[in-house]
1. Give the lysines whose C-alpha is closer than 25 Å to that of Lys121, dropping any in the same chain fewer than 8 places away, or say none.
2. Kindly state, to the nearest 0.05, the FRET efficiency for Arg179 paired with Ser223, given R0 = 35 Å and r defined as their beta-carbon distance.
3. Based on alpha-carbon positions alone, could you give the equivalent ellipsoid semi-axes of segment 152-256 from the gyration tensor, as √(5λ), descending, whole Å?
4. Could you tell me what % of all Cα pairs in segment 112-190 have separations over 21 Å?
5. Using a 1.4 Å probe over the heavy atoms of the protein chains, calculate the carbon and sulfur portion of the accessible area of the chain as a whole percent.
6. Which angle from 0 to 90°, rounded to the nearest 10, does the C-alpha axis of helix 195-205 make with the longest principal axis of the chain?
7. Using the Kirkwood radius over C-alpha pairs as Rh, can you work out the diffusion coefficient of segment 60-210 via Stokes-Einstein at 25 °C, viscosity 0.890 mPa s, in µm² per second?
8. Kindly provide log₁₀ I(q)/I(0) values, in the same order as q = 0.11, 0.14 Å⁻¹, from the Debye equation applied to equal alpha-carbon scatterers of segment 27-137.
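The values are calculated or read from the model by the stated rules, or taken from the named source; none is laboratory data. What you see is a predicted model; the values in this text were computed from it and never measured. With ideal geometry, Cβ positions are generated from the backbone for all residues, glycine too; neighbour counts draw on all protein chains shown. In case anyone asks, the SASA skips ligands and DNA or RNA and just uses the protein heavy atoms, side chains included. Shrake-Rupley method; radii C 1.70, N 1.55, O 1.52, S 1.80 Å.
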Amino acid sequence: MNRPDSFEPDKIQAGLKNLRIGKKVIVFGSVSSTNDIASEYAKSESNDGLVILAEQQQSGRGRGNNKWLSDYGDSIICSVVLIKESISKELLSLTFAAATAEAISPKAKIKWPNDIFLNGKKIAGILLESKQTGFGTAHIVGIGINCHQKTFPAEIKDIATSIDIETKSICDRIILTKRLLSSIEQWLDTARKKPQQVIKSWENLSLLLGQRITVVHNKKRFSGTCTGIDPQKGLILQLDSGGIQFFPAEQTSIAH
Ligand code: BTN
């Protein structure tokens with residue numbers, strides 16, 4: 001179904017063409033996963049800042065073995081290609097979380113590493129994947145934001161929400177996508193110049209800071225209190241068993 005806010009490169013790029021993120025935008029109808037498409041484009045250095053958008057994915061994926069499902073035209077489904085980015089992977093993950101939360105709502109929160117919550121329910125997820133290329137590491141950052149969903153499958157209906165549900169109106173995905181890309185551009189700049197500001201923002205938005213949590217890292221469980229985040233080493237836990245341990249985002253998940 002074509003919606004009034006169907007993705008159109010020209011509408012999305014208006015005002016963004018002189019920036020890094022979004023100066024090139026490619027829109028697809030239905031694809032396997034935008035991260036897979038972006039990964040192909042990441043083979044060329046000239047595609048730094050490229051944004052791949054799709055109305056639907058056949059094999060959208062989340063962290064771990066999770067699937068990421070959305071009907072045609074219901075979500076913002078996008079992947080950003082970053083080439084020769086100097087920001088560490090841990091900080092990049094925090095930067096995209098802060099940028100996505102800010103674009104969605106002043107009330108949005110971050111559940112480390114890459115879930116965005118609004119009013120206690122998950123509204124967006126981020127999947128950061130990296131690959132080695134002939135010219136160094138390329139990062140592909142996939143973002144899915146629930147926009148027009150009115151209901152969710154039974155298994156996630158109590159924990160997922162959408163912008164339309166929360167605002168009791170119909171959002172415009174083009175406006176939101178533009179806000180997202182501008183926010184990413186600004187937060188990447190901040191991460192490079194003032195990384196502590198990203199940490200501070202993460203602390204302000206974090207659902208986990210100060211909480212007693214259990215994480216799973218390399219198939220082992222660790223319980224403790226989250227005392228902060230390190231831009232190189234990841235989540236900081238004051239372990240119940242004593243001592244402090246760092247948990248990198250890529251190899252760690254929060255136990256439920
Ligand atoms: C998560 O919730 O675990 C992360 C979800 C990430 C979903 C986005 S949608 C665009 C990009 N393509 C994918 O296949 N996944 C990410």
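1. Lys67, Lys107, Lys109, Lys111, Lys150, Lys157, Lys168, Lys178, Lys200
2. So, using R0 = 35 Å, E works out to roughly 0.40.
3. After diagonalising the Cα gyration tensor, the semi-axes are 30, 22, 11 Å.
4. Numbers: 1225 of 3081 pairs.
The share of Cα pairs beyond 21 Å in segment 112-190 comes to 40 percent.
5. Carbon and sulfur together cover 51 percent of it.
6. Approximately 90 degrees, to the nearest 10.
7. Numbers: Rh = 15.8 Å.
D = 156 µm²/s.
8. Once normalised to I(0) and log-transformed, intensities are -0.36, -0.59.
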